[in-house]
Amino acid sequence: MSDAPARDAPLIAVEDLRVYFPSGNKRETVKAVDGVSFTVAAGETFGVIGESGSGKSTLGRALVGLVRPTGGRVLHDGEDPFALGARDFARHRRDFLIVFQDPSAALDPRMTIGHSIREPLDVADETPRSERDARVLHLLDRVGLDAEFARRYPHELSGGQKQRVNIARALALDPRLIVCDEIVAALDVSIQADLLNLLAELQRELGLTYVVITHDLGVVAHIADRIAVMYLGKLVELGPASRLMEAPLHPYTRALLSSEPVPLPSVLRTGTKIVLQGEIPSPIDPPSGCRFRTRCWLAAGRCAEVEPEWRELEPNRFVACHFAKAAEDPESAR
Amino acid sequence: MSGGATQMPGEPLLDVSGLNVFLGRGASEVQVISDLSFAIWPGETVGMVGESGCGKTVTGLSLVALLPADASRITGRISLEGKDLTRLSRREMQRIRGRRIAMIFQEPMSALDPVFTIGRQITETIQAHFPVGAREARERAIEALAAVGIPLPARRYDEYPHQLSGGMRQRAMIAIALSCEPRLLIADEPTTALDVTVQSQIIDLLLEMTRRSGTALLFITHDLGVVAETCSRVLTIYAGELIEDAGIDDLLARPLHPYTSGLLRSIPRLSAPKSLLPSIPGRVPSLLNRPSGCRFAGRCAHAAPECAAPQVLQDEAGRRVRCCRHGELRLPGAVA
């Protein structure tokens, strides 16, 4: 399936991806990602939003080949990394990287920052040492850190600075795709703003492709070209960021947008909040039919019986809801 | 009374005046909070915002006297219902904490004791403050769990914290904190670890529960969106000082301090086009290296020579602000 027909071959094509894990007692299966399809074009910023337990982090890991799909596949530039031999796979995965939320976890506390950034170059072992050191300084500069940071240790850096180091480290091998898994979630807003600006600047200069995974709607609205909304292992909606934010098609997207607290004076706040009942159900035993139905105010008998089809309701806008049209009508939205 | 320009009828419930908090011992002692003064009136909902490391949590902990006694020192007054909490003995404070003033935290898992059932932790609080028997305490606890929207409260009563989801644990924390109907609840980032849909549920619950019992709320958060939807007044803290105190709508429309304006503008918006986000350059100055003048000057786009002098909190049309240039600046708020 292609949701960006106007573009060339996508950089990432996800085809009916499934990632299952055995649960604690091995008799049960957690279906973290359960039949997801989409494509990401080169140079695009693709946002994935969802709550904890939606499977978005597992999806992120699968996108860069850190977990093997249980079913379906992820194609990188038309190629399935898991079909490659070990050596080709190692070479290939440099182009598709992931940066995680916790900026400290990814840095070795006993290594200087310079050493941490140089490590991927050392592993690749393709350039002389002097060139690698020069490259480290260049990368530090690129992410807005002074050259003197090369001699420091992680504990001397703030969270925002560490996250810049992680980005520099990811850039070391000139990747094509960076998956950003909640990389600004632990930071204060002003630091977060700096980092989002840096990501945008790097994309302009280097032509990077991003998949931004976050629970923060403001972040994804600000940075993404297209947004996919994930719920309990499945996509419920996918579309251009501005359209999705203005006129969400799926009731879950509506609820997410409506529960985002906005810093506006009371007179400027519009509409009534949709407060969803309950919490996200267990991915071991998801509800039948539509997985969102247990928390959905529009749910009817059909929703328990028939799983809603993933359909293109408007050009480039996909949704999985029996009532997607109805949800767009303000009258029916409570 | 130190409540400054904010005028409310009657006596304040909490009146903090000239509060200084020092952490550490002897030569390594550092001042974390400087000359903090504010008041909260009965039933009022007040937000406290600022970046990490500005002293929000330390302020909350000092109000409930939960800072480590051997590694902290407090000067100034914390007056709750006319009683100065800084002069109370440990024993006297124990009678007040939980009963008149309570606090809940960001991570309910670390605030709940993993080896006791949820029910036991509520009855413990109730029996510490009321002369009731085991049976009545149990009934009250189950009622409290039901009141915070925990399904099957009688069953949950016998469960342990790890058996509850993050949202349910925060509900249990609220049940414990409000079981003795305190007059003031301090909520320190109570929804930060929760998903946005669960966050709305918990915020609604907190507001409804405190309204019902007439409990005042001090809501500590870094999220100005949350404050906008919950609080009528906001205290902005920067580097251990109160720098602005204003009604929420006034603050959002026209912040008087450049730091508050910067915070408001750096929040990414749902409707914002893809443009550069205005950020605040630099970082909060370290505790050991706070400037003698305006503590924000090093990061401020409006810094002028007069900012090198220590800044005083000035009254300004029902608000307070610690910036000598506030009269000449027109700063953008949440509405451009």
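Tabulated data
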quantity: FRET efficiency for B:Gln163 and A:Gln277, using Cβ-Cβ distance with R0 set to 25 Å, rounded to 0.05; calculated: 0.75
quantity: Over chain A, relative contact order from alpha-carbon pairs under 8 Å, at least 6 apart, %; calculated: 19
quantity: For residues of B:185-198, the mean tally of beta carbons on other chains within 10 Å; calculated: 4
quantity: Cut-off 12 Å, label 7 Å out along Cα→Cβ of A:Lys325, residues of segment A:216-255 by amide N; calculated: none
quantity: Residue order, fewest to most surrounding Cβ atoms within 10 angstrom, among B:Cys231, A:Cys290; calculated: B:Cys231, A:Cys290
quantity: R0 of 56 Å, Cβ-Cβ distance A:Asp174-B:Glu328: FRET efficiency to nearest 0.05; calculated: 0.70
quantity: Radius of gyration and maximum dimension Dmax of segment A:131-231, Cα, Å; calculated: 14.0, 46
quantity: Among B:Thr210, B:Thr117, B:Thr197, residue whose mean-square fluctuation peaks in a GNM of chain B (springs only between Cα atoms under 10 Å); calculated: B:Thr197
quantity: Global size of the protein assembly as shown as Cα Rg and Dmax, reported in angstrom; calculated: 26.3, 78
quantity: Rounded if a/c under 1.5, otherwise prolate or oblate - segment B:111-218, Cα gyration tensor axes; calculated: oblate
quantity: Length added when fully stretched, B:Glu81-B:Glu11, from 0.36 nm per residue minus Cα-Cα; calculated: 24.4 nm
quantity: Gain on full stretching of the segment that runs from B:Ser110 to B:Arg95 - 0.36 nm per residue minus C-alpha separation; calculated: 3.1 nm
quantity: Distance between modelled label sites at B:Ile74 and A:Ala304, nm, 7 Å Cα→Cβ extension; calculated: 5.4
quantity: Among A:Lys273, A:Lys31, A:Lys56: highest mean-square fluctuation, GNM of chain A, C-alpha pairs under 10 Å; calculated: A:Lys273
quantity: Global form of segment A:92-160, assessed from the alpha-carbon gyration tensor, a/c cut-off 1.5; calculated: oblate
quantity: 31 Å Cα-Cα threshold exceeded, pairs from A:Lys273/B:Lys56; A:Lys31/B:Lys56; A:Lys273/B:Lys83; A:Lys273/A:Lys325; B:Lys56/B:Lys83; A:Lys162/A:Lys234; calculated: A:Lys31/B:Lys56; A:Lys273/B:Lys83; A:Lys162/A:Lys234
quantity: Cα shape, segment A:1-156, gyration tensor, a/c 1.5 rule; calculated: prolate
quantity: Stokes-Einstein D (µm²/s) once Rh is taken as the Kirkwood radius of chain B over alpha-carbon pairs, at 20 °C in 1.002 mPa s; calculated: 102
quantity: Per-pair calculated FRET efficiency, R0 = 25 Å: B:Glu136 and B:Arg212 via Cβ, rounded to 0.05; calculated: 0.75
quantity: Hull volume in cubic angstrom per residue (convex hull over the Cα atoms of chain A); calculated: 157
quantity: Label-point separation, A:Ala134 to B:Ser52 (7 Å along Cα→Cβ), nm; calculated: 3.7
quantity: Neighbouring partner chain Cβ atoms per residue of B:277-287, average, 10 Å criterion; calculated: 4
quantity: Inter-chain Cβ neighbour average for residues B:251-263, partner chain, 10 Å; calculated: 2
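Values quoted throughout were computed directly from the atomic coordinates according to the rules given, and no laboratory measurement underlies them. If you're wondering where the values come from, they're calculated on a predicted model, not measured in any experiment. Every residue, glycine among them, receives a Cβ derived from its backbone with ideal geometry; neighbour counts consider all protein chains shown.
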